[in-house]
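In what follows, a single structure is set out as structure tokens and then discussed.
The values are calculated or read from the model by the stated rules, or taken from the named source; none is laboratory data. Quantities reported herein were computed from a predicted structural model and do not represent experimental measurements. Reconstructed Cβ throughout: ideal geometry from the backbone, glycine too, with neighbour counts over all protein chains shown. Ligands, DNA and RNA are stripped out before the accessible areas are found, and what is left, the full protein with its side chains, is counted by its heavy atoms. Shrake-Rupley method; radii C 1.70, N 1.55, O 1.52, S 1.80 Å.
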Amino acid sequence: AILSCMILPALMLTGGAAAADLIHENIVIVSNDDFTPDNGVVAGAGTKADPYIIEGWELQFNIGDGITIRNTDAYFLIREVHAHSSNAGISLYNVANGRVEGCLLDNNSFGIYVRDSKDCRITNNTFSDNYYGIFCWNCASVKTDKNVFVDNVENVYVPTKSEPWERT
């Protein structure tokens, strides 16, 4: 069962291309203006109907985070990314309108770290061998569903300051 959880996202990431073609350095976005191709954006306009899309990358950053998005309210989707061996595979700080779907997050301190954010959705991801799978602090309207957790120390951490938190 564990093997199948880890193989499926890896197959989605490759999309028939060589894995080496999909490796990306860490991605740091600190404003709406930073959603650019250099920061891994492959499509989108930042609207609800056409969100910025960061997709198909493998990120390994031993110091720091694989993907950091801060201080944004543009709509974005992080999809089918493999982030591993980082402080946080994906870090969302003071963001609104973000989605993370179909990602593999393994061997990080935090699979996904969400702080001071709202209206975000974390769906269909696999969290494996992280300290925290999802860490959510001081957030509003963060929804999670259909995520798989394997061998994390703590799967989900949500202090009472984070309301409403919806997990299905």
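List every residue pair whose Cβ atoms sit under 6 Å apart, with the two residues 6 or more apart in sequence or on different chains, where the first one lies in region 99-114 and is over 22 Å from T72 (Cα atoms) and the second, anywhere, is aromatic (F, W, Y) and crowded, with 24+ Cβ neighbours inside 10 Å. If the second residue must be aromatic (F, W, Y) and crowded, with 24+ Cβ neighbours inside 10 Å, the pairs left are L105/F127. In region 154-165 there is no residue matching the filter, namely being in a loop (DSSP other than H, G, I, E, B), open to solvent by 50 Å² or more (accessible area, probe 1.4 Å), among the basic types (K, R) and modelled with pLDDT of 95 or more. Name the residue that is surrounded by the most Cβ atoms within 10 Å (Cβ to Cβ), counting only residues in region 116-130 that are in contact with a Ser or Thr (Cβ under 9 Å, 6 or more places away or on another chain) and outside any loop (DSSP other than H, G, I, E, B). The residue in question is I122.
Candidates K48, K118: the one that is within 20 Å of P159 (Cβ to Cβ) and not polar (S, T, N, Q) is K118. Collect the residues in region 32-50 that are surrounded by fewer than 21 Cβ atoms within 10 Å (Cβ to Cβ) and not hydrophobic (A, V, I, L, M, F, W, C), keeping them in residue-number order. N32, D33, D34, T36, P37, D38, N39, G44, G46, T47, K48, D50 - these are the residues of region 32-50 that are surrounded by fewer than 21 Cβ atoms within 10 Å (Cβ to Cβ) and not hydrophobic (A, V, I, L, M, F, W, C).
For region 106-125, a residue qualifies if it is over 9 Å from the mean Cα position of the chain (by Cα) and either more than 23 Å from T47 (Cα to Cα) or basic (K, R) (or both), and the qualifying residues are D106, N107, N108, S109, F110, R115, K118, R121. Restricting region 85-105 to residues that are farther than 20 Å from A49 by Cβ and over 11 Å from the mean Cα position of the chain (by Cα) leaves a set whose member that is surrounded by the most Cβ atoms within 10 Å (Cβ to Cβ) is S86. Just one of (1) under 20 Å from N32 (Cα atoms); (2) without any contact (Cβ under 8 Å) to a residue 40 or more places away in the chain; (3) in contact with a Phe, Trp or Tyr (Cβ under 7 Å, 6 or more places away or on another chain); (4) open to solvent by 50 Å² or more (accessible area, probe 1.4 Å) fails for F149. It is (1).
You will find that of I63, I29, I23, I53, the residue that is touching a residue at least 24 places away in the same chain (Cβ under 8 Å) and open to solvent by less than 20 Å² (accessible area, probe 1.4 Å) is I29 and no other.
Hey, any hits in region 36-56 for a residue that's modelled with pLDDT of 95 or more, assigned to a loop (DSSP other than H, G, I, E, B) and basic (K, R)? The answer is yes; a qualifying residue exists. S91 passes every criterion in (1) among the small types (G, A, S); (2) at pLDDT 95 or above; (3) within 18 Å of I23 (Cα to Cα) apart from (3).
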